[in-house]
Amino acid sequence: MASPPAAGQPEPAAGQPERVLVIKLGALGDFVQAIGPFAAIRRHHQDLRVTLLTTRPFEEIANASGLFDDVWTDGRPEGGDLGGWLRLRRRLLGGGFGRVYDLQTSDRSSFYYRMFWPGPKPEWSGIARGCSHPHANPHRDTMHTIDRQAEQLGMAGISEVPSPDLSWAKADVSRFGLGGRFILLIPGGAQHRAAKRWPVDCFAEVAAALAERDIVPVLLGSSAESDLIADITARCPDAIDLSGQTSLLELAQLGREGVAAIGNDTGPMHLIAAVGCKSVVLFSEASDPALCAQRGPAVTILRRPTLTGLSIQDVLAALD
C-alpha cells in the first residue's frame, strides 16, 4: 500500500490481496461531495480492484461513474436485521481487502472495522478506533465535507483530490418534453427539518415570476414531496411537475441543460451545482454553509437566520 500505518497502530496482515474498499452509504449531498475523493482513490489504486459499499439509491450513478469495479448496495442493514448483518460481515471478510477508505466516518461505518474481528484487519482510513490510518484531526468536524475528506485521504497517502467531475453523468431527458429555457426549482428537503425550507408560497411566487419572463419553472423533488409541489403548480399552471420522476443521472442532465436552479439546502442541489448549473441555494441557521455548502463553478449562497426573512426579490436578483 502507499503509506505505512501511523505510529502505534496495528500492521496489516502479510500477504493480504491488494483489493480496495470504499465506504459511502449516503446521503445524496454527501455522496456527490465524495466524487472527487472517489476519483482520487481510483487513480491512486489504478491497478487494483476497487469496490464501493453503498446503498441502493446510488447504484446507478456509482456504476455510471466508471470509478468502481464493483458496487455493493447492502451497506446499511437495519438494527434488528441479524441476517443482514451476518451477510455483510461475510462479504467484508471474504472481500480480500487490503485497504478500506471509510468516507462515511460515522459510528455505523466505524463499527464495520470491528466486524473484521478477530483479524486480520485491513489497513483502514477513517475514524475507527485502532485503525491504521486515522484522520487524526480533532477539529475535523469543523471542516467543510470536501476539505475534510481531502485531508483524510492525505493522511492515508493520497495527496491530490480533484473537485467533483460529473462529465460522465448524462441521460436522455427528452421524455420530459422540455423546450426552450427552463429553471429548476427544488422546494423540498428533509421533512424533519422544516427550518431548512423556504416557504412554499415564496416558491410559487418565484415560479410565477419566471413564467412571466418566458422561462419555464421545472419543479423537482421526491414522490413524498408531490403534495408540496402540487400546491405550487396550482398557483402557477405554467410550472412543470417532475416530482418522483427523475433518476439521479436525469437530475444531473437537467442541471446541465437548465438556465439555473433555485433550491433549499438539500441533496439534489449538490448534484445540480456540481454539474455546473448556475445555482442559488437557500440557507437558514439550521445548516452551516461553512460545513456543507454546495460547490460548483456558479454557486450563490443566500443565508438568513430564518428563511421566512428571505425575500423573493433577493432570490430573483441572485439569478442576474
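Read the figures in this text as sums done on the coordinates, not as results from a lab. Just so it is clear, the structure is predicted and the values come from calculations on it, not from any experiment. Backbone-built Cβ (ideal geometry, glycine too); neighbour counts: all protein chains shown.
Taking the number of other C-beta atoms within 10 Å as the exposure measure, put 168, 117, 198 in order starting with the fewest.
Taking fewest neighbouring Cβ atoms as first place, the list is 117, 168, 198.
May I ask for log10 I(q)/I(0) of region 174-317 at q = 0.09, 0.10, 0.16, 0.18 Å⁻¹, from a Debye sum over the Cα atoms as equal point scatterers with solvent left out?
-0.22, -0.28, -0.76, -1.00
Once both labels are modelled 7 Å past Cα along the beta-carbon direction, what's the residue 227-residue 47 spacing in nm?
5.8 nm
Peptides 133-139, 71-77, 201-207: what's the order by average Cβ count within 10 Å, highest mean first?
Answer by packing, highest mean first, reads 201-207, 71-77, 133-139.
Among 220, 25, 82, which one moves the most in a GNM of the chain with springs linking Cα atoms closer than 10 Å?
The residue that fluctuates most here is 82.
Taking Cα extents along the principal axes in Å straight from the coordinates, which label in (1) 68, 39, 38; (2) 73, 55, 39; (3) 66, 42, 41 is the correct one?
Evaluating Cα extents along the principal axes in Å on these atoms matches (1).
Rounded to the nearest 20 debye, what is the charge dipole size of region 200-301 about its Cα centre when +1 sits on each Lys and Arg Cβ and -1 on each Asp and Glu Cβ?
About 420 debye.
Once Lys and Arg get +1 and Asp and Glu get -1 on their Cβ, which of 243, 183, 279 lies farthest toward the positive end of the dipole of region 174-317?
279
Using modelled backbone amide H atoms (1.01 Å from N, in-plane), which distant-in-sequence or interchain residues come within less than 5 Å of residue 100's amide H?
Amide H to amide H, under 5 Å and 5 or more residues apart or across chains, residue 100 pairs with 21, 123, 124, 125.
Taking the Cα centroid of region 87-122 and of region 143-178, what is the distance between the two, rounded to the nearest whole Å?
24 Å
Given a Förster distance of 51 Å, report the FRET efficiency between residue 155 and residue 86 from their Cβ-Cβ distance, rounded to the nearest 0.05.
About 0.95, to the nearest 0.05.
Just grab the label-to-label distance for residue 142 and residue 201, each label 7 Å out from Cα along the Cβ direction, in nm (one decimal).
Here the answer is 4.0 nm between the modelled labels.
Grab the other residues whose beta carbon is less than 9 angstrom from that of residue 74, score K and R as +1, D and E as -1, and report the net.
+4
Give, rounded to the nearest 20 debye, the magnitude of the charge dipole that region 36-143 has about its Cα centre when Lys and Arg contribute +1 at Cβ and Asp and Glu contribute -1 at Cβ.
The dipole of region 36-143 has a size of about 300 debye.
Have a look at 127, 202, 37 and report the one farthest towards the positive end of the charge dipole of the chain, computed about the Cα centre with Cβ charges (Lys/Arg +1, Asp/Glu -1).
Toward the positive end, the furthest listed residue is 127.
Go ahead and run the numbers for FRET between residue 193 and residue 56, Cβ-Cβ distance against an R0 of 22 Å, rounding to 0.05.
0.40
Contact order normalised by length for the chain, with contacts defined as Cα pairs under 8 Å and 6 or more residues apart; what percent is it?
Here the relative contact order equals 17 percent.
Would region 10-160 count as rounded, prolate or oblate if I go by the C-alpha gyration tensor, calling it rounded below 1.5 in a/c and otherwise prolate when a/b exceeds b/c, oblate otherwise?
Rounded.
Applying 1/(1 + (r/R0)^6) with R0 = 35 Å to the Cβ-Cβ distance of residue 111 and residue 311, what FRET efficiency is obtained, to the nearest 0.05?
Efficiency computed from Cβ-Cβ geometry: 0.15.
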